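The values are calculated or read from the model by the stated rules, or taken from the named source; none is laboratory data. Note that the structure is predicted; figures quoted are calculated from it, not measured. Note that each Cβ is placed from the backbone with ideal geometry, even for glycine, and that neighbours are counted across all protein chains shown. All accessible areas refer to the heavy atoms of the entire protein, side chains included, with ligands and DNA or RNA removed. Shrake-Rupley method; radii C 1.70, N 1.55, O 1.52, S 1.80 Å.
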Amino acid sequence: MHDELKQQLDKSIPQHITLTEIKKEKILQEAQKAVVYKRSSQTSKLLPAIVGAAVIGLSVLLSYPYVTENGQFTKGSLQEVTIPDQPYPVLINAEYNNQEDILIYTDAERVYSYSVDAKTETVLTEAEETAKISEVTTEDEWVVWSELAEGSSTLWILNQGSGEIQTIKDIYASDLNIDGSMLSYLEIGVENETPAYKLLNLATLEEPFEHVSSGEGADSSASFEDGVLAIPERVTKDGQTTTTVFVYNAKQQSKIGEFTFPYEAAFNVTLSDGKIFARLADVNQSYSVLAYIDVKSGKLVEIETPEFWEYAVYENYVALSIPEGNSNTVKLYEIEGKIVKELPALSVIEERLVKPRFTEDGKLLVNGEGERFSMYLQNPKDID
């Protein structure tokens with residue numbers, strides 16, 4: 001599928017526009033993830049340009065093993081979650097909240113909560129008239145979303161425990177990440193101001209921190225884990241482009257250090273277990289490299305993996321989207337030194353799996369492309 005998408009992209013590019021292989025890969029990556037809701041036009045000034053419509057081939061033939069009376073199954077610690085009456089493009093961006101055992105997602109008009117245990121869906125909020133919900137994230141008792149309207153933007157904060165909702169108006173916020181009671185976000189200036197990453201205390205609405213961008217942008221969002229914030233930025237020096245990751249102690253609002261990946265692109269920068277992971281690629285490179293930088297030592301370690309497209313990591317577990325037939329699917333691995341060992345947890349699922357992501361407590365969430373578009377939860381530590 002990747003080759004077919006690449007051919008479509010090459011045909012669609014006007015003759016007067018030249019794209020490097022890295023740029024083409026960025027576009028194809030977004031198409032693969034089926035992203036249907038764009039962030040604000042201001043955000044696109046910082047992040048890599050994404051052009052054209054997202055194209056996804058859906059596998060619809062599926063045989064479900066271990067079926068229970070309600071049509072869902074559990075195999076060991078692997079759990080299937082099927083949300084009825086919601087389209088695939090909505091579910092592909094769902095986030096799992098382990099404290100509440102719920103999935104949070106949006107269709108741009110509403111924010112929904114789905115109870116995995118009770119199998120019930122609740123509308124948490126509806127966008128105001130003429131406004132659209134552009135992004136939503138959740139952790140612990142918090143749900144935060146950004147709402148865009150013509151000429152304005154509002155950040156909404158819901159405390160699920162108390163039911164209290166707070167708003168901050170006229171704030172163009174994207175790349176939302178919650179860690180404990182702190183939110184990191186990218187604010188785009190409305191009057192040609194330089195974009196900046198900020199921290200927001202969700203309980204007090206105080207903003208104790210700001211990292212002003214250099215303006216070159218990034219190929220990845222920020223990562224926020226266990227009080228540590230990692231902000232990637234492209235850096236071009238003497239004609240060579242690399243990615244520098246600025247790492248901060250969010251609790252102390254102090255810089256831990258700056259770490260450089262010596263590749264032209266660093267995708268999906270992720271903090272985990274004291275390491276900064278990334279999918280790395282150079283312009284003339286036909287494959288991706290999975291690597292991490294140890295924050296304490298500053299050492300770069302490259303991990304030997306199968307060819308892969310997307311990845312997600314939690315401690316010493318990594319999920320890779322790898323080629324399978326004419327397409328790709330997600331498989332789970334354990335990192336052992338500089339190699340990976342495949343775990344059989346997802347092998348009972350016969351449909352194509354996409355968009356791996358780990359929750360804060362280490363559960364892997366993937367979307368299936370069977371006829372019911374189920375999602376699957378697996379805690380690698382619970383594998384027999």
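Listing for the model above:
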quantity: Subset of the stretch 181-196 (residues that are buried (at least 21 other Cβ atoms within 10 Å of the Cβ) and assigned to a strand (DSSP E or B)); calculated: Met182, Leu183, Ser184, Tyr185, Leu186, Glu187
quantity: Residues of the stretch 332-354 classified as over 21 Å from the mean Cα position of the chain (by Cα) and buried (at least 16 other Cβ atoms within 10 Å of the Cβ), total; calculated: 5
quantity: Selected residue (criterion: most open to solvent (accessible area, probe 1.4 Å)) from residues of the stretch 355-367 that are assigned to a strand (DSSP E or B) and in contact with a Lys or Arg (Cβ under 7 Å, 6 or more places away or on another chain); calculated: Lys355
quantity: Residue check for Ala319: within 26 Å of Ile102 (Cβ to Cβ), modelled with pLDDT under 95 and aliphatic (A, V, I, L, M); calculated: no
quantity: Enumeration of residues in the stretch 316-331 that are in a strand (DSSP E or B) and either open to solvent by 50 Å² or more (accessible area, probe 1.4 Å) or of a type outside the set (Val, Ile, Thr) (or both); calculated: Tyr317, Ala319, Leu320, Ser321, Pro323, Glu324, Ser327, Asn328, Lys331
quantity: Residue match in the stretch 240-249 (condition: at pLDDT below 95 and part of a loop (DSSP other than H, G, I, E, B)); calculated: no
quantity: Output for the stretch 202-217, where each listed residue is modelled with pLDDT under 95, in a loop (DSSP other than H, G, I, E, B) and surrounded by 16 or more Cβ atoms within 10 Å (Cβ to Cβ); calculated: Ser213, Gly217
quantity: All positions within the stretch 303-325 that are in contact with an Asp or Glu (Cβ under 7 Å, 6 or more places away or on another chain), closer than 16 Å to Ser286 by Cα and not hydrophobic (A, V, I, L, M, F, W, C); calculated: Ser321, Pro323
quantity: Among the candidates Leu199, Leu148, residue that is in contact with a Leu (Cβ under 8 Å, 6 or more places away or on another chain) and assigned to a strand (DSSP E or B); calculated: Leu199
quantity: Any hit, the stretch 348-368, residues being small (Gly, Ala, Ser) and touching a Phe, Trp or Tyr at 6+ places or on another chain (Cβ under 9 Å); calculated: yes
quantity: Selection from the stretch 83-118 of residues that are in a loop (DSSP other than H, G, I, E, B), farther than 11 Å from Met375 by Cβ and open to solvent by less than 30 Å² (accessible area, probe 1.4 Å); calculated: Ala108
quantity: Which listed residue is closer than 30 Å to Gln79 by Cβ, modelled with pLDDT of 95 or more and either of a type in the set (Lys, Arg) or open to solvent by 50 Å² or more (accessible area, probe 1.4 Å) (or both), from Glu139, Glu135, Glu121; calculated: Glu121
quantity: Test: Glu350 is of a type in the set (Asp, Glu) and in a loop (DSSP other than H, G, I, E, B); calculated: yes
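To keep it simple, each residue is scored yes or no on (1) in contact (Cβ under 8 Å) with a residue 40 or more places away in the chain; (2) surrounded by fewer than 20 Cβ atoms within 10 Å (Cβ to Cβ).
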{"residue": "Ile165", "(1), (2)": "yes, yes"}
{"residue": "Tyr172", "(1), (2)": "yes, no"}
{"residue": "Asp179", "(1), (2)": "yes, no"}
{"residue": "Lys198", "(1), (2)": "no, yes"}
{"residue": "Asp219", "(1), (2)": "yes, no"}
{"residue": "Lys237", "(1), (2)": "no, yes"}
